[in-house]
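Student: Once you've had a glance at the structure underneath, I'll fire off some questions.
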Amino acid sequence: MKRKLYIFIVYISLALINLFVKVNSPKICAFIISLNIRKLKIIKSHSKNTKKILIFPKSNGTEDIIESFKNKKSNIIFFLLPRPFLQKIFFCFFNKSYCQDYFTKLTKLKDIKKKDSYVSFLTSTFRYIEYFKQFDGFISFNLFYYAEKYFEEVCINLNKKFIILHKESAFTPLEEKRAPEIYKKFNDKSFSYKISVYSESQKKILIKSRIADKNQIAVVGTPRSDYAYRLRKIAPKEKIIVFYLIEYNRFTPISGPKIKNWSKLYNQTLKYLFEFAKNNPDIQIILKGKTGVHEKGQSNLNPLPQNCRFIDGGSGHSLLKNASAVIAFNSTIVFETIASNRNLIIPNFNGENKVYKNILHKIENKKYFVNSKIQFNKKIKLYLDLNYKNKKLSTPDIKTLKYFLGNIDATAGAQIRKFLKKTIN
């Protein structure tokens, strides 16, 4: 009930924001925004020399902060403002057709003037917000998110610190090749105070593209992967299979205009898994969907076998805890699964890892791939019957996790705490 009420309040607030931006009233917009800022209560803070940071939440990004500060007292108090508020104001100045992540550089005079007006309005709005709540800094999770890109200039005007905990780093070979060119050509240098990245590879890309200077960037690893590493000491309590549903039209602007459709592989995996479910009704199967991509009512998910359940949206790494077998493909959950010592199955029924290797994450250890229905069923049965053992990471796994997660020893949370403490103080 509380959740529904909150969503309703946000909906009404966004409608009012739209109205008062159009009548050029930053003061009323500030009041509305202030009403929608809420404290991140799960993180505890002590009362000495407290600092306040406002977060523009993003899936997995906020989870990184929560994981980093879990059961730790800090002098930083975190607050949340739903992302759509800045987006709503942005759309009052720019046409929706203009907006695209990773393409934020303005070249036309009319667009530059719009940006100046947008920055000016936000500066006035957040100055008024200071009357209600005072912040020492702001956190965003993507250097190239169009609705927050120019907020770095707002922070310069306000003499506040704009911090980017940049969460995009798990690139395919093609994305890694194209990223420096895309970053440099279509985006201006970042005015962010400090930027954290997961991996050395992403730091090198940012420096090569001249988006940021070396002294702006800190490599901290992937904080939420700390949870995965801690799971190595915990045996799954139940026989559960978790299938992180394949994002069949996975596309980023960095990968280029061509979209590779993974529907064939997705449907093959579902078919084989549902057959296994019907033949093994005592086994629980969780289908983890992604908001905006997967829906329970989709034809290929309807009807579900009785021992299957669908979970939509949110971060899925907590599902690893009781997973005896994990099925995943071309997603960062693959790396978290390896880190957690869970049994991983990567569908590869059409030789995807060879035919499309340039647009798939490079996995060093080939034991995770299954190339046929027979192998698929055989591995699932094997994993469900295995007694749990905390195995050491293999050399190929260490190489993969170091490259993609930037973290092989569960210290990323400590790194992000150190980074934020130093930055905000």
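Student: Over the range 366-425, with the other protein chains present, what is the accessible area per residue in square angstrom, probe 1.4 angstrom?
Tutor: 63 Å²
Student: Would you mind giving the average projected area, over all directions, of the Cα convex hull of the chain in nm² with one decimal?
Tutor: Result: 21.3 nm².
Student: Using the heavy atoms of the protein chains and a 1.4 angstrom probe, tell me the accessible area per residue for the range 128-214 in square angstrom.
Tutor: On a per-residue basis, 41 Å².
Student: May I pose another question? Give me the accessible area per residue for the range 49-100, probe 1.4 Å, as a whole number in Å².
Tutor: 41 Å²
Student: Then there's this: As I understand it, the value is the acute angle between the Cα axis of helix 412-424 and the longest principal axis of the Cα atoms of the chain; what does it come to in degrees, rounded to 10?
Tutor: 0 degrees
Student: Also: For the range 231-351, compute Rg over Rh where Rg is the Cα radius of gyration and Rh is the Kirkwood radius from the inverse mean 1/r over Cα pairs.
Tutor: Answer for the range 231-351: 0.96.
Student: Based on the alpha carbon coordinates of the range 1-73, what radius of gyration and maximum Cα-Cα distance (Dmax) apply, in Å?
Tutor: Using the Cα atoms of the range 1-73, the pair Rg, Dmax is 15.5, 45 Å.
Student: Right, something else. What percentage of the solvent-accessible surface of the range 1-100, computed with a 1.4 Å probe over protein heavy atoms, is contributed by carbon and sulfur atoms?
Tutor: Here carbon and sulfur together make up 58 percent of the probe-accessible area.
Student: A further question follows. Using the C-alpha atoms of the range 131-193, what convex hull volume per residue, in cubic angstrom, is computed?
Tutor: Given the Cα convex hull of the range 131-193, per-residue volume reads 90 Å³.
Student: Here is a follow-up. Could you please state how large a percent of the accessible area of the range 114-264 is carbon and sulfur, counting protein chains only and using a 1.4 Å probe?
Tutor: 50 percent
Student: What order do you get for 225-235, 159-169 when each peptide is scored by the mean count of other beta carbon atoms within 10 Å, highest first?
Tutor: The densest-packed peptide leads the list: 159-169, 225-235.
Student: May I pose another question? Angle between the Cα long axis of helix 2-22 and the longest principal axis of the chain, 0 to 90 degrees, nearest 10?
Tutor: Long axis of 2-22 versus the principal axis of the chain: about 40 degrees.
Student: Determine, from the Cβ-Cβ distance of Phe91 and Lys204 and an R0 of 35 Å, the FRET efficiency 1/(1 + (r/R0)^6), rounded to the nearest 0.05.
Tutor: Once the sixth-power term is evaluated, E becomes 0.55.
The values are calculated or read from the model by the stated rules, or taken from the named source; none is laboratory data. Computed from a predicted structure; not experimentally measured. Cβ sites come from the backbone with ideal geometry, for glycine too, and all protein chains shown count toward neighbours. Ligands, DNA and RNA are stripped out before the accessible areas are found, and what is left, the full protein with its side chains, is counted by its heavy atoms. Shrake-Rupley method; radii C 1.70, N 1.55, O 1.52, S 1.80 Å.
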